Each structure stands twice: as C-alpha cells, then as structure tokens.
Amino acid sequence: VSHQRTDSAEPESASAKLFDLRVLIGGLFTVYGLVLIIAGIFSSAAERHKAAGININLWMGLGMLALGLLFLLWWRLRPLISATST
Amino acid sequence: VGVEVRPHPPYNWDVVCLYLRTSPSAVLESIDSDGTYRRALTLDGIDALLSAQSLGTVDRPVLRLDVQGAAINDGTVRLALEQIRRTFLLDEDPSAFRAVVAADGIVFGLGFVLSFGYWTTNFAEVQRALSAKDLSAGQRTPLIGAYPKIFIPFLTIIPGLIALVMVPKLGSKTGLPYNDAIPLLMNTFLPNGVLGVAMAGLLAAFMAGMAANVSSFNTVFTYDIWQQYIRPDRPDAYYLRVGRIVTVAGVLIGIATAFIASGYSNIMNYIQLLFSFFNAPLFATFIIAMFWKRVSPMSGVLGLAAGTLAAGIVHYTSVNVSYFYPGGHIDPAHAMINVQMANFYGAIAAFVVDAIVTVIVTLLGKPKPLAELAGLVWGVDDPNAPDPAIKAALPWYESPKLLGFGALGITLVLSLVFL
C-alpha cells in the first residue's frame, strides 16, 4: 500500500492551494445553490404544486449556498499547511 | 359468513400466496393481484366458495375468511376452518423458528462476521487508514466514517415507506417493481432544478463507490500481487502502465458484475451473498493476522481460499436444508427459502473455516521475520514511529475514544427510539 507524503520544504504552490478539496466542494455547492435559488424565484405554480406546495428549489438552493459558503469560509480561515511545516 | 382469524405472528400472507400459487392443487383456486385467495370447498356435500384476505401485517396478522354458499351454518363454517387450517399453514408457529434463528444466524452471521467484515476490510477505508498521517488519524478514519453511516436507514427505509404509500400497487404483480421506487418518487415530486441535483447526487454516489473500489483494486493488484510476485524489480513507468491497464480491466469487470446482479430480484440478497463469499473470510484472516505475529502469507492465502470454498458449499447446499425454510418444510420450487439466513450461515462457515485453516497452517509453517511486520501487527512497534510520549495533545473533538463512544451512543439511542 502506498504512502504519500510531501517531504519538500519549499512553500505551497498556487495549484496545491487551488485544488484544496474544500474549494472544489464549496465552489460546486455555491454555484448549484445560486442556480437553484434563481430557479426557485422564477418557478411556476405548477412546479410548486408538484412538490406539495413547497418551493423546494428555493429552500434547497439556500441550504446548498449556505453549505458551500461555509466550506469556502473554512478554506479561507484555516488554509492548508504542509506536513513538514507543522 | 365471515370470520376473522389471527394466526401466530410472524405470518406472511404474501409468502403463503406465493406457496399456494406455485403448488399444484386439485381444487379450483385463484389468487387476485390484490392478494385475495378464492377456492371452491365441499362441506358435507354442500358446495361453498371460500375467499381469504389479509387485513393485518406480518407482526399482527389478521385473515378475513368469507364462506359463501346456499346452506351455510356454524357447523359448516367450523368444518371449513378445519379444512383450510392446513392449506394456509396456520398450524405452524414461526415465532419459535424465528427465536432460534435470531439467536445464531443474525447475531453471529450478520452482527459479528458480516458487519465487522464490512466495516474493517473495505479497501477504500483500509487504504485511507494506512496512509493517514499518524496513528490517531488512522484510528479516526473508520470512526468519522461511521457517523454518516448511522443515518443511512433514514435515506433507505423512510423513502421506501413513503413510496409504498404514495405509489399504488408498488411491488405487486400488476404494479411496478420495488426497484423503481426512488426514480418514481423523484419523478413525481421533484421539479426541474432539484431533480437535476438529485440526479447529480445519484451519479456522484455511483462514481464515488466505483472509483474507490477500482483505485483500491489497481493499487492492490499492481503493488501487492504483480510487483511482489509476478514481475518484480521493474522501473516505475512499467508499474504505472500495469496500473492503468488494470484500472480499465477493473471497470470492465465491474460492469460485467451488473449482469450477474440483474439476475437477483433483491440487491440485498446479492450483496450479502458476495460478502459471505469474500468479506467474511477476509475479516477472519485480517483479525487473526493483525493480532498474531506468527501468521505467514501462506496461511493467509490458504485460509482465504478455504473460507470462500466453505461459503460456496453452504450456498449450494442450503436449498436442501430444511432449517432455512419457514416451519422446516422444503417446498418443491425452493421459493420460500430464507435467502438471507442462508447467506448468514455462509458467512459463519467462511469465518470459522478460514480461522481454523489459518491457525493450522500458521502452526505448521515458518513465521515472517519480525522486522517486516514492524508497525503493522499488534505488539510489534515501528522503530521509525515518533515517540508517543512527545505526541502533541489532541483537541478534545479528535479523541478516537470520544468519537467511537459517540457513534455507539447515537446508534443505541436511535435503536431504542425506532425499536
């Protein structure tokens, strides 16, 4: 079984920062959340009726946006540090 | 004249109907799609029509029996009841059977072998634990993973119950099969937008499961089999190419197994069958080798082979074992067999046989040098590991004990709430 470890002492590259998993998760949830919120605002009565009268697009979009922003906030507040610098 | 009969729980009317449908009968009988059974009766020379219908559940069974005819009285009804007692298997007391089964098959087969095997031999998880940055992070891997798993029943059982209520005739002869429940619910209730997110979620789940298993498969095959035994001492580029070929082969094998799975009406039966063949022996080998430093590679291989063989023997002989049938009666079509219980016993056989073979071969063979086991086996420390005394104190929420007991506590509370 492979062990992967970054033993280099050089500073983090920009790509390593960009491909932090939290950016991918947070970015995706933020985009999906915004798309759903827009779909929810412009949803028709028939669409609301389908989901038992709940504007499910709007609520789901708000939830996903909040989750996405939380991931981005986490990434902002506690950036990735390499194993060697601890 | 109508009578309500209460058979011993658990009494599964659907299974009785299935049995009556498949067993040849001399009298005129019919079973409707909604589960109403009708047959002609002759009582003391009087012709009568009997219809039976289930009003209760498996745990609180109620059978509504109606006897219609020209000259029906209490005596003929009693006679009718006596006659149909055997037809509907009312004499059996399956609760005694269930009590015996619950004590061994479920507790040891499902509770010990299959569930521990599932949670400790999963390649994706083991690899994550082995590549963790320290011991504590490795210990946390399965514990953090346990938390989302606790709530899986809410994602599987509750939508299933909703589908049963919302989709008419789901799972009956004339209705749609149970496998369509989730797509049907999505189609019925989700408007454009959330529907796309749900589809993305399903596809992501399929891909994540597939990707984790395929990447584990190519790592184990390339590093531990090809490099170790078949073509050692080649440049990295060679093994990288092997890994890529194995990845493609793994995906194709994965697709091929879908054709086997489609032959099973119930994915749970298929999964438990596979687990009894492969996970149960793997768990036995894993647990013994982790705690006993004498275990050799040869005893691991032979133990696994013997365990899988034992599960196979149980699987192919179980159809002829009366123990796996309700009430101990083997029906000619083998339709009533308790497949899950047979799988649980397959898992028990695999575990026990694997353990016995592993121990015997280990005692006969030569152990591996201790230096090769450093850091992998209980009691053999890794000389390069950092001194535990200088380890930085963990934040309280990263303590494996707290995480482990937290998961157990939540499971206990939920089990009591939904008992």
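The values are calculated or read from the model by the stated rules, or taken from the named source; none is laboratory data. As the structure is a computational prediction, the values presented were derived from the model and not from experiment. Quick reminder, even Gly has a Cβ in these numbers, built from the backbone with ideal geometry, and neighbours come from all protein chains shown. Please note that ligands, DNA and RNA were not included when accessible areas were found on the heavy atoms of the full protein model with its side chains. Shrake-Rupley method; radii C 1.70, N 1.55, O 1.52, S 1.80 Å.
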| message | What's the total number of residues in the range B:101-116 that are out of contact with any Phe, Trp or Tyr (no Cβ under 7 Å at 6 or more places or on another chain), open to solvent by 60 Å² or more (accessible area, probe 1.4 Å) and either under 14 Å from residue B:342 (Cα atoms) or at pLDDT 75 or above (or both)? | response | 3
| request: Only residues that are more than 20 Å from residue B:285 (Cα to Cα) and either without any contact (Cβ under 8 Å) to a residue 24 or more places away in the chain or within 12 Å of chain A (Cβ to nearest Cβ) (or both): list them for the range B:122-137, please. | output: B:131, B:132, B:133, B:134, B:137
| query | Would the range B:242-251 turn up any residue that is in contact with a Lys or Arg (Cβ under 9 Å, 6 or more places away or on another chain) and aliphatic (A, V, I, L, M)? | reply | yes
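Could you please let me know if residue B:317 is in contact with a Phe, Trp or Tyr (Cβ under 8 Å, 6 or more places away or on another chain), modelled with pLDDT of 80 or more and over 18 Å from residue B:108 (Cβ atoms)?
No.
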| message | Given the criterion surrounded by fewer than 17 Cβ atoms within 10 Å (Cβ to Cβ) and either under 19 Å from the mean Cα position of the chain (by Cα) or in a helix (DSSP H, G or I) (or both), identify the matching residue among B:313, B:330. | response | B:313
| task | Take the range B:187-212 and flag every residue that is away from chain A (no Cβ under 11 Å) and either within 27 Å of residue A:48 (Cα to Cα) or surrounded by fewer than 15 Cβ atoms within 10 Å (Cβ to Cβ) (or both). | result | B:199, B:202, B:203, B:205, B:206, B:207, B:208, B:209, B:210, B:211
| What do you reckon, is residue B:151 more than 14 Å from chain A (Cβ to nearest Cβ) and modelled with pLDDT of 85 or more? | yes
| task | Could you please let me know if residue B:295 is closer than 21 Å to residue B:225 by Cβ, crowded, with 20+ Cβ neighbours inside 10 Å and over 29 Å from the mean Cα position of the chain (by Cα)? | result | yes
| request: Mind listing whichever residues of the range A:53-71 are touching a Lys or Arg at 6+ places or on another chain (Cβ under 7 Å) and in contact (Cβ under 8 Å) with a residue 40 or more places away in the chain? | output: A:71
| task | Could you tell me which numbered condition residue B:168 fails, if it satisfies all but one of (1) loosely packed, with under 12 Cβ neighbours inside 10 Å; (2) under 27 Å from residue A:62 (Cβ atoms); (3) away from chain A (no Cβ under 14 Å)? | result | (2)
| request: Kindly provide the set of residues from the range B:148-163 that are hydrophobic (A, V, I, L, M, F, W, C), part of a helix (DSSP H, G or I) and loosely packed, with under 13 Cβ neighbours inside 10 Å, ordered by number. | output: B:152, B:154, B:155, B:157, B:158, B:161
| task | Could you tell me whether the range B:171-179 includes any residue that is under 30 Å from residue B:17 (Cα atoms), part of a helix (DSSP H, G or I) and open to solvent by 80 Å² or more (accessible area, probe 1.4 Å)? | result | yes
| note | Exactly one of B:412, B:403, B:419, B:304 is loosely packed, with under 13 Cβ neighbours inside 10 Å and in a helix (DSSP H, G or I), and that one is B:412
| Which pairs have Cβ atoms under 9 Å, sit 6 or more apart or on different chains, and link a residue in the range B:398-419 that is closer than 10 Å to residue B:139 by Cβ to one that is open to solvent by 50 Å² or more (accessible area, probe 1.4 Å)? | B:400/B:139; B:400/B:394; B:403/B:139; B:403/B:144; B:403/B:147; B:403/B:397; B:404/B:139
| task | Six or more apart or on different chains, Cβ under 9 Å: which pairs go from a residue in the range B:235-252 that's of a type in the set (Lys, Arg) to one that's open to solvent by less than 40 Å² (accessible area, probe 1.4 Å) and modelled with pLDDT under 95? Could you list them? | result | B:244/B:218
| query | Out of (1) surrounded by fewer than 16 Cβ atoms within 10 Å (Cβ to Cβ); (2) within 12 Å of chain A (Cβ to nearest Cβ); (3) over 30 Å from residue A:61 (Cβ atoms); (4) of a type in the set (A, V, I, L, M, F, W, C), the odd one out for residue B:220 is which? | reply | (1)
| remark: For the range A:1-58 the number of residues that are within 11 Å of chain B (Cβ to nearest Cβ), at pLDDT below 80 and farther than 30 Å from residue B:225 by Cβ is 0
| Restricted to the range B:333-346, and to residues that are modelled with pLDDT of 80 or more and open to solvent by 20 Å² or more (accessible area, probe 1.4 Å), which residue is nearest to residue B:279 (Cα to Cα)? | B:345
